[in-house]
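Below you'll find the structure, written out as structure tokens, and then a few comments.
The values are calculated or read from the model by the stated rules, or taken from the named source; none is laboratory data. Note that this is a predicted model, so its numbers are computed, not measured. Cβ atoms come from the backbone with ideal geometry, glycine included; neighbour counts cover every protein chain shown. SASA here: full protein model, heavy atoms, side chains in, ligands and nucleic acids out. Shrake-Rupley method; radii C 1.70, N 1.55, O 1.52, S 1.80 Å.
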Amino acid sequence: MSAFLDELFRYVGLTDEDRMRLVALHPVLEPKFAQIAGRFYDAVWADPRAAAVLSGPAQTERLRLTLIDWMSTGLLGPHDERFYEKRSRIGRRHVQIGLAQEYMFTAMNVVRIAYQEAILAAFPAGELGPMLGAANKLLDIELAIMVRHYQLDSEAKLIARERRTQADRIAAMQSMTAGLAHEVRNPLNAAKLQLELLDRRLRREHDDPRLTEPSELAGKEIDRLTLLLNDFLAFARPPELHLEERDIAELVRHVCEAERPGATKRGASLELVVAPPTLVARVDAMKVHQIVANLVRNAVEAVTANGHVTVELEGDYEAFTVRVQDDGAGIPPDVRARIYEPFFSTKESGTGLGMSIVHSLVTLHAGSIELDTGNRGTRFEVTIPRRP
Ligand code: HEM
């Protein structure tokens, strides 16, 4: 049985005796089901906002029959996995039709009052308490399942909408960046070439540091701009995957080795703590390399001296997961919400493209990223299918 249902039964205190009482209640309530369903939909139609989600009499008639079945199966059980699955669909359906959550509570009260009236009329005083108790427990369980799945579905829809908006925003920035980067690339290459010619002539004819130094400095600035431009292009490049069989374990080991000197320089440690000897996947190796390198570099920058960054690689038949954990100060909520946004950076240097590149390359591989952050550090978990 579902852990949630199990927990719910325990919490509400629905016992085997209660279940037997509910079965005994069925013949008492059954003749009243049609009338209760009528009262239920009268109450719905009486409220303009609740009635607004109904399409008309044909649907109400269908819903009346559904409600009668719901009352009957609720009392008779069995309250098993199938019961739970059917009940969870009600919450999801209510999200689909746009029914505000509070109406489920008020509607449940209509049922509760009708059950109470019928029980009070049918049972002697000595049995009233346990009978009312069993009915109330059942309706509480029904409401809890309905509301839980209403909430889960609403959250899932919100997240999906947020992801779509983010993807649209990123796509717009990618096309703007692509245009800009291509415009800048040609004049930059031309300037670099001319500067190299000038530098060569100066060295040949004068070799005077007062003349060669400024040209060297200008050359370094152009190199810096070229690196920035490469970042822009990596972010803006049209999504194209060059898939090949690659050993991801080897790739992750290489990234760790390449990034370790940077960590050491900060007084931090960088360790690959879990990884199988080999893990072959069909990926765009350059892009996966960039994903892992960006994550590791970010983690190294997030820790202070004596900090730790750990990298883990795991895989099963379907996918592999790279986990990069740091023990830095964590990411504040306002930054967290914007972390994949292009050009968003909290660092003084950097383009603010690192995590957007990670996001777009992971998405390109049909993968997913999970982020878990708090005051004990941050963990990024990237999962990519082994055969996209
Ligand atoms: C105790 C509260 C409620 C219960 C037990 C209940 C029960 C159900 C059930 C069993 C379904 C069918 C779900 C499925 O597709 O499997 C459903 C759908 C629906 N419910 Fe409710 N409901 C409740 C409250 C409400 C309220 C207050 C409204 C107000 C308008 C409402 C409107 C609807 C509508 C429009 C549908 C979709 C019907 C269709 O498929 O055309 N429900 N509900």
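About the centre of its Cα atoms, the chain shows a dipole size close to 720 debye [charges on the beta carbon of Lys, Arg (+1) and Asp, Glu (-1) only; nearest 20 debye]. Remark: the stretch 315-357 carries a charge dipole of roughly 140 debye about the Cα centre, counting +1 on each Lys and Arg Cβ and -1 on each Asp and Glu Cβ. Could you tell me how many degrees, from 0 to 90 and to the nearest 10, lie between the Cα long axis of helix 248-265 and the main elongation axis, the longest principal axis, of the Cα atoms of the chain? Helix 248-265 and the main axis of the chain meet at about 70 degrees.
Computed from the Cβ-Cβ distance with R0 of 45 Å, the FRET efficiency linking ASP80 to ALA121 stands at 0.90.
State whether the chain is rounded, prolate or oblate according to the following rule on the C-alpha gyration tensor (a ≥ b ≥ c being the square roots of its eigenvalues): a/c under 1.5 gives rounded; otherwise a/b larger than b/c gives prolate, and the remaining case gives oblate. Since a/c reaches 1.5 and a/b is larger than b/c, the shape of the chain is classed as prolate. Rounded, prolate or oblate: pick one for the stretch 2-159, where a ≥ b ≥ c are the square roots of the eigenvalues of its C-alpha gyration tensor, a/c under 1.5 means rounded, and failing that, prolate if a/b is larger than b/c, else oblate. Because a/c hits 1.5 or more and a/b fails to exceed b/c, the stretch 2-159 counts as oblate. Taking 0.36 nm per residue of separation and subtracting the Cα-Cα distance, full extension of the segment from THR264 to LEU188 would add 23.9 nm. The charge dipole of the stretch 169-236, taken about its Cα centre with unit charges on the Cβ of Lys, Arg, Asp and Glu (plus for the first two, minus for the last two), comes to roughly 200 debye. Taking amide H atoms as placed 1.01 Å from N in the peptide plane, the amide H of LEU270 lies under 5 Å from those of VAL309, each 5 or more residues away in sequence or on another chain.
Between the helical axis of 285-302 and the longest alpha-carbon principal axis of the chain there is an angle of about 90 degrees. Shape verdict for the stretch 102-181, please, from the Cα gyration tensor: rounded (a/c under 1.5), prolate (a/b greater than b/c) or oblate. It is prolate, given that a/c is not under 1.5 and a/b is the larger ratio.
Taken per residue, the accessible surface of the stretch 8-103 reaches 58 Å², heavy atoms only and a 1.4 Å probe.
Calculated [222 nm] ellipticity per residue, helices only, for the chain: -23000 deg cm²/dmol; basis is -39500 (n - 2.57) per DSSP H run with n ≥ 4, divided by all residues, nearest 500. The distance linking the stretch 203-277 with the stretch 145-173 is 36 Å (Cα centroid to Cα centroid, whole angstrom). Computed packing ranks the peptides 114-122, 361-369 as 361-369, 114-122, most packed first, by mean other Cβ atoms within 10 Å. Placing +1 on the Cβ of each Lys and Arg and -1 on the Cβ of each Asp and Glu in the chain, which of LEU139, PHE33, ILE384 has its Cα farthest towards the positive end of the resulting dipole? Sorting the options by dipole projection puts first PHE33. Dividing the mean sequence gap of close Cα pairs (under 8 Å, 6+ apart) by how many residues the stretch 7-121 holds gives a relative contact order of 42 percent. Inter-label distance, ARG92 to ARG203: 6.9 nm, where each label sits 7 Å from its Cα along the C-beta direction.
In the chain, the DSSP beta bridges split such that about 85 percent are antiparallel, to the nearest 5. Computing FRET efficiency as 1/(1 + (r/R0)^6) for ASP247 and ARG148, where r is the C-beta to C-beta distance and R0 is 45 Å, gives about 0.55.
Sorted on the mean count of surrounding Cβ atoms within 10 Å across their residues, most packed first, peptides 69-75, 307-313, 264-270, 166-172 read 307-313, 69-75, 264-270, 166-172. Along the axis of the charge dipole computed for the stretch 169-236 (Cβ charges of +1 for Lys and Arg, -1 for Asp and Glu, origin at the Cα centre), the listed residues ALA191, LEU211, ALA171 are led at the positive end by ALA171. For the chain, the longest principal axis of the Cα atoms and the long axis of helix 81-97 meet at an angle of about 70 degrees. The apolar share of the surface of the stretch 229-388, taken as the fraction of accessible area on carbon and sulfur atoms (1.4 Å probe, ligands and nucleic acids excluded), comes to 50 percent. How high is the relative contact order of the chain, given as a whole-number percent (alpha carbon pairs under 8 Å, six or more residues apart)? The normalised contact order for the chain reaches 12 percent.
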